[in-house]
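The values are calculated or read from the model by the stated rules, or taken from the named source; none is laboratory data. Fair warning: this is a prediction, and the values are worked out from it, not measured in the lab. Don't worry about glycine lacking a Cβ; one is built from the backbone with ideal geometry, like all the others, and counts go over all protein chains shown.
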Amino acid sequence: METFTLEILTPNGEIYNGSALSVVLPGEEGEFGVLAHHSSLTTLLTSGVVDVEKEDKSVESIVINWGVVQVDEEKVIILVEGAAPIRGANESEIAKALEAAKILINEVADSNFAIVAVSAKIESAAQKLI
């Protein structure tokens with residue numbers, strides 16, 4: 001399967017920069033996926049979880065509050081106001097990452113439904129890491 005370059009940037013710096021097989025994004029009109037050679041587009045993102053499938057088939061989840069994505073055939077650039085990667089070398093680090101993600105979402109969520117939906121996805125991502 002072909003890869004593309006993925007960058008996730010915040011005002012505080014780079015969150016992710018590398019190759020990806022696919023990425024699933026929380027678009028304003030619903031989640032959508034991107035593969036290599038996707039048609040070009042630019043669209044707004046809402047609070048949610050970005051799932052990055054890496055070359056080794058592992059999936060990294062990154063919680064975002066809102067932003068914009070620019071897609072072309074070879075590269076995806078995601079610019080977000082805030083992001084919290086759900087990763088860690090041990091359970092303690094993963095627990096801290098989950099707490100940071102929950103705080104980020106609670107600060108921007110417009111409704112309880114958004115909080116519940118994102119929290120469920122965060123917990124699902126965490127179970128895969130443990």
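What the table below lists for this structure:
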| quantity | calculated |
| --- | --- |
| Close pairs (6 angstrom Cβ cut-off, 6 or more residues apart or separate chains): touching a residue at least 24 places away in the same chain (Cβ under 8 Å) and closer than 15 Å to residue 87 by Cα in segment 34-58, assigned to a strand (DSSP E or B) and hydroxyl-bearing (Ser, Thr, Tyr) anywhere | 49/61; 51/61; 53/22 |
| All positions within segment 60-74 that are closer than 17 Å to residue 41 by Cα and of a type in the set (A, V, I, L, M) | 68, 69, 71 |
| Complete set of residues in segment 49-90 that are more than 19 Å from residue 13 (Cα to Cα) and not acidic (Asp, Glu) | 54, 57, 58, 59, 71, 89, 90 |
| Whichever residue in segment 17-30 is modelled with pLDDT under 95 and in a loop (DSSP other than H, G, I, E, B) and, among such residues, is farthest from residue 65 (Cα to Cα) | 29 |
| Any hit, segment 37-47, residues being farther than 17 Å from residue 74 by Cβ, over 11 Å from the mean Cα position of the chain (by Cα) and not in a loop (DSSP other than H, G, I, E, B) | yes |
| Count of segment 57-95 residues which are touching a helix residue (DSSP H, G or I) at 6+ places or on another chain (Cβ under 7 Å) and of a type outside the set (Val, Ile, Thr) | 8 |
| Residues located in segment 1-16, provided they are assigned to a strand (DSSP E or B) and either surrounded by 11 or more Cβ atoms within 10 Å (Cβ to Cβ) or in contact (Cβ under 8 Å) with a residue 24 or more places away in the chain (or both) | 4, 5, 6, 7, 8, 9, 10, 15, 16 |
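Results for (1) in a helix (DSSP H, G or I); (2) modelled with pLDDT of 90 or more, shown as yes or no for each residue.
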position: 32; (1), (2): no, yes
position: 55; (1), (2): no, yes
position: 61; (1), (2): no, no
position: 78; (1), (2): no, yes
position: 89; (1), (2): no, no
position: 92; (1), (2): yes, no
position: 106; (1), (2): yes, no
position: 125; (1), (2): yes, no
position: 128; (1), (2): yes, no
